[in-house]
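Input: a single structure, listed below in structure tokens.
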Amino acid sequence: MEIIIRNRIIIDGQEEFIRETFEGEVKKLGSKIALYYKNAEEEKVLIKFDEKELSMTRYAEKPVVMRFHKEMPTHTIYEGLGRLEIVTDGFHMDEGLNHVKLKYRLAQNDIPIGEYRMRIDWKRS
């Protein structure tokens, strides 16, 4: 399965676009969809989501878990940055079209870090 991740990042007025494609697996776990792949650093990544929430776990030396929830802010611990707040401004999953879209902001100690728009698509390779 091909997993395509597009990210639009705005930090300090600077905009960056990232597009990555990975070979991976897609599984249905009850009401959730799970995407498994290895990133460019060869770390295992699990993205799991349903209509309300998406979690992304990167199995690095110190695993990083980010949760994006439609209705409430969440937090993550990121090595080198510490505790970050995640505010999800937009979340849309379309299982029929095989994609999920996220719009979120990161902040540290109430100081904005950046704005992000992510789209994840999956399709047979």
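Here are a few things to note about the model shown:
- Calculated SAXS-style log₁₀ I(q)/I(0) at q = 0.12, 0.19 Å⁻¹ - region 1-73, Debye, Cα scatterers: -0.39, -0.94
- Length-normalised contact order for the chain - Cα pairs under 8 Å, 6+ apart - percent: 23 percent
- Carbon and sulfur %, accessible surface of the chain computed with the full protein complex present, 1.4 Å: 48 percent
- In this entry, region 62-125 is assigned a mean projected area of 5.5 nm², taken as a quarter of its C-alpha convex hull surface.
- Cα-derived Rg to Rh of region 13-125, Kirkwood definition: 0.95
- Using heavy atoms of the protein chains and a probe of 1.4 Å, the accessible area assigned to Met72 is about 90 Å².
- Accessible area (Å², per residue) of the chain, counting only protein heavy atoms and a probe of 1.4 Å: 63 Å²
- Reach of Lys38 by Cα under 16 Å, taken over aspartates and glutamates that are not fewer than 8 positions away in the same chain: Glu2, Glu20, Glu23, Glu25, Glu61, Asp121
- Under 18 Å from the Cα of Lys70 - lysines, other chains or at least 8 residues apart: Lys32, Lys48, Lys52, Lys101, Lys103
- Ordered from highest to lowest accessible area with the whole protein assembly present and a 1.4 Å probe, Ser125, Ser55 read as Ser125, Ser55.
- Modelled this way, with points 7 Å down the Cα-to-C-beta line, the labels at Glu23 and Tyr36 are 1.5 nm from one another.
- Where labels lie 7 Å past Cα in the beta-carbon direction, separation of Asp110 and Glu16 in nm: 2.8 nm
The values are calculated or read from the model by the stated rules, or taken from the named source; none is laboratory data. Fair warning: this is a prediction, and the values are worked out from it, not measured in the lab. Backbone-built Cβ (ideal geometry, glycine too); neighbour counts: all protein chains shown. In case anyone asks, the SASA skips ligands and DNA or RNA and just uses the protein heavy atoms, side chains included. Shrake-Rupley method; radii C 1.70, N 1.55, O 1.52, S 1.80 Å.
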